[in-house]
Every structure is written in C-alpha cells, then in structure tokens.
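J.: Here you go, one structure.
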Amino acid sequence: MNVTPSFSGPRNDRTDGPWANSPTSHFFTSLRTRLHYVDWGNHSAPTLILVHGALDHARSWDWTARALARDYHVVALDLRGHGDSAWSAEGAYLMADFVYDLAQLVDQFSRDKVTLIGHSLGGSLVLRYAGLFPDRVERLVAIEGLGLSPQAIREKAARAAPDRWREWIEQRRASARQTARHYPTLEAAVARMRERNDHLSVEQALHLTAHGVNRNEDGSYGWKFDPYLRNPAPQDMADDELPNFWRRISCPVLLCLGLDSWASNPVKDGRAAHFQNARLVEFAHAGHWLHHDQFDSFLAELRAFL
C-alpha cells in the first residue's frame, strides 16, 4: 500500500475536482494548546467533522473521509494528546477540554449547522456537544460512543470515591515510571496494531500505524498519543449525567454497534430511550472499530442516514 502523508500548505485542493484525494494539514489553538486537523477540501459544501476515539488519530478516518468528500467539506480532528496535536503539559485530559476544543473547531468552520461523526471517545464528545448546542448540529453519528453501560455505572458507583481516586494516583505514578514502548521496525508496530484489533487487514493496519507513530532518534518507532491518556482523572467520569445531554439533542442520531464488541446494546439497556430521534444499527462480524471492520456495510448505512 502507498501511504501518502499529510502536509502543511495553503488551503487549496490538489485535484481537478473540488475535493482532495488526500487531505491538507492545519493547526488551530484551543485553551492555549496547538491542535491539528486535516481538511479534505470542497469548502463550499456542508461541513462534516470526524472525531476519532481514544489513542487513535485523525487519519484513521481516511476511508470514510474520502468517500464523503464529494458531498461534504470533511474535516478530521486530532484530539489533544493524540496524533499531531500537542500533549498537555500536566498530562491532564478532561472531557470538558475535549468538548471545548470541538466547539472551537466548529465555530471556525461554519456558522451553519454541521454534521458530526464520532467513534468511542469521539462519539461521547459529539453527543455532549450536540446536547450543549442542539441548534448547531444537522445530523449525528455515534459509533459506540455512549460510554459505560448502566450496569457498569452502578458497579463503579458502588466503589467508594476515595478508593477510585487513590487507584488513579497509583496508576498515574506507575505510568510516570514506565518507559515508553518502542518498536524496532514499522512492521513490529503494525503487528501490535493487529493484536489490538484482529479484524484489521494488513493494509488497514499499515495505514493506521504509519500515521500513528513517530520515528525516534534511535530509529525505533513510538505511538504519537500521550501515555497519560490511559488514566483519565476520576472527577471527569460523571457518566450518570450523560442522559441530560442526550435528551437535549434535537437532530436525528444514528447509533452504531459492533456485535463482536464489548459495548452494551443501548436499546436493550435503556440508554437509547433518552434520545428524541435515534436509531440503532448493529454490524455483524465487527468489533469496537466497526467502521474499519465492516467498512462497506458502515458506509452504506452512513450514506442512507446522511
């Protein structure tokens, strides 16, 4: 597979059409942090923003972005601490900061309504944003972005808050003592990527890895994301408040679930009932990254919804 890296440059498309075969790279500032996004061109079309999940990056959306770029002005964000966006100096990644960053990006691109698509952490962000600013969102797709199941929330709440805080401190200290994992070759990093998601093809894993690693001084490879992202602060986990956001969303919502995933079914566990206008689509032979695992089926459902 030929992997085409993103590049910084003027906001002009590099194809004969209004959309780009590969995106251009850009930066903006939010909460004093330099954040990165890629732009797929077609600026006169309605804006569609793609938001990746935890430990992922904007280029994981390339297949989806390329398919939608004829009809939308597609923008994919690198969340803070991910991809080519800056890391937090304190290693702090609060949900409120992520949502603020998304709000800043939306305001930069459009005064009209936008369409939002998010996966996992990104799904939880776009759902929160749409609950805060329902008049700014045309349609919304959340791929396993509802967070913990009601049962998991109850189990977490059963643990005393001081115990959860102490556990976080111990995990954070352990992370600080660990040496970042390096891979001697790109192929070794690709192999690790496929261990994490065995549904991926070699081509997919190569693309995701090539855009998800940096080359170290000794020639080895390391992931771009901040390792501190693995240990979110305990005060940032107000899962029981999420239905208050969901109830305020006024646009149509498509909820996507992989049947091989660990995620709970939101219709069966009652979470889907909090939405005014939501529909669930399940994907067989797909895990948590269902938009990679069953791309053709996902794209067909996505096009029909949009």
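The values are calculated or read from the model by the stated rules, or taken from the named source; none is laboratory data. Treat the numbers as computed from the prediction; the structure is a model and nothing was measured. Glycine gets a Cβ as well: all are built from the backbone with ideal geometry, and neighbour counts include every protein chain shown. For the accessible areas, the whole protein counts, side chains as well, though only heavy atoms, and no ligand, DNA or RNA atoms are used. Shrake-Rupley method; radii C 1.70, N 1.55, O 1.52, S 1.80 Å.
J.: For the pair residue 297/residue 27, report the inter-label distance in nm, with labels modelled 7 Å from Cα in the Cβ direction.
T.: For residue 297 paired with residue 27, the spin-label model returns 4.1 nm.
J.: Using the basic label-point model (7 angstrom from Cα toward the beta carbon), what is the residue 178 to residue 304 distance in nanometres?
T.: 4.1
J.: State to the nearest 20 debye the size of the charge dipole of the stretch 176-256 about its Cα centre, where the only charges are +1 on K and R beta carbons and -1 on D and E beta carbons.
T.: 40
J.: The stretch 132-220: which trypsin sites (Lys or Arg not before Pro) are DSSP loop and have at most 15 other beta-carbon atoms within 10 angstrom?
T.: Details: sites: 136, 139, 154, 156, 159, 164, 166, 172, 173, 177, 181, 192, 194, 196, 215; in loops: 159, 181.
Those that pass, being in a loop and sparsely packed, are 159, 181.
J.: Turning to a different aspect of this structure: Rounded, prolate or oblate: which fits the stretch 164-289 when a ≥ b ≥ c are the square roots of the eigenvalues of the alpha-carbon gyration tensor, with rounded for a/c under 1.5 and prolate only if a/b beats b/c?
T.: Working: a/c = 2.75, a/b = 1.46, b/c = 1.89.
Taking the square roots of the gyration eigenvalues as a ≥ b ≥ c, the stretch 164-289 is oblate.
J.: Here is a follow-up. Excluding residues on the same chain fewer than 8 positions from residue 268, give the lysines whose Cα lies under 28 Å from its Cα.
T.: 156
J.: With labels modelled as points extended 7 Å from the Cα through the Cβ direction, what inter-label distance (nm, one decimal) is found for residue 284 paired with residue 153?
T.: The answer from the label model is 3.2 nm.
J.: Applying the Karplus parametrisation 6.51 cos²θ - 1.76 cosθ + 1.60 with θ = phi - 60° to the phi angles of the stretch 255-267, what ³J(HN,Hα) value in whole Hz is obtained for each residue in order, glycine and proline being reported as x?
T.: 9, 10, 9, x, 6, 9, 8, 7, 5, 7, 6, x, 6
J.: Under unit Cβ charges (Lys, Arg +1; Asp, Glu -1), what dipole magnitude, rounded to 20 debye, does the chain have relative to its Cα centre? Numbers along the way, then the final one.
T.: On the way: 34 positive and 37 negative charges, 102 e Å.
Dipole of the chain, to the nearest 20 debye: 500 debye.
J.: Same structure again: Take the alpha-carbon centre of the stretch 150-224, take the same for the stretch 31-57, and report the distance between them in whole Å.
T.: Each part reduced to its Cα centre gives a spacing of 22 Å.
J.: In the stretch 23-177, what percentage of the DSSP-assigned beta bridges are antiparallel, given to the nearest 5?
T.: 40
J.: Ranked from the most accessible area to the least, with a 1.4 Å probe and all protein chains present, what is the order of 223, 165, 40?
T.: Working: 223 60, 165 120, 40 0 Å².
Highest to lowest solvent-accessible surface, that is 165, 223, 40.
J.: Once fully extended, how much extra length lies between residue 214 and residue 238, figured as 0.36 nm per residue of separation less the alpha-carbon to alpha-carbon distance?
T.: Working it through step by step, the gained length comes to 5.3 nm.
J.: Stretched out fully, how many nm does the piece from residue 104 to residue 70 gain, at 0.36 nm a residue minus the Cα gap?
T.: 9.8 nm
J.: Next up: Rounding to the nearest 20 debye, state how big the charge dipole of the stretch 121-235 is about its Cα centre with +1 on each Lys and Arg Cβ and -1 on each Asp and Glu Cβ.
T.: Computed charge dipole of the stretch 121-235: roughly 440 debye.
J.: What ranking, highest mean first, results for peptides 265-272, 201-208 when packing means the other Cβ atoms within 10 Å averaged over each residue?
T.: So the peptides 265-272, 201-208, ranked by packing, come out 201-208, 265-272.
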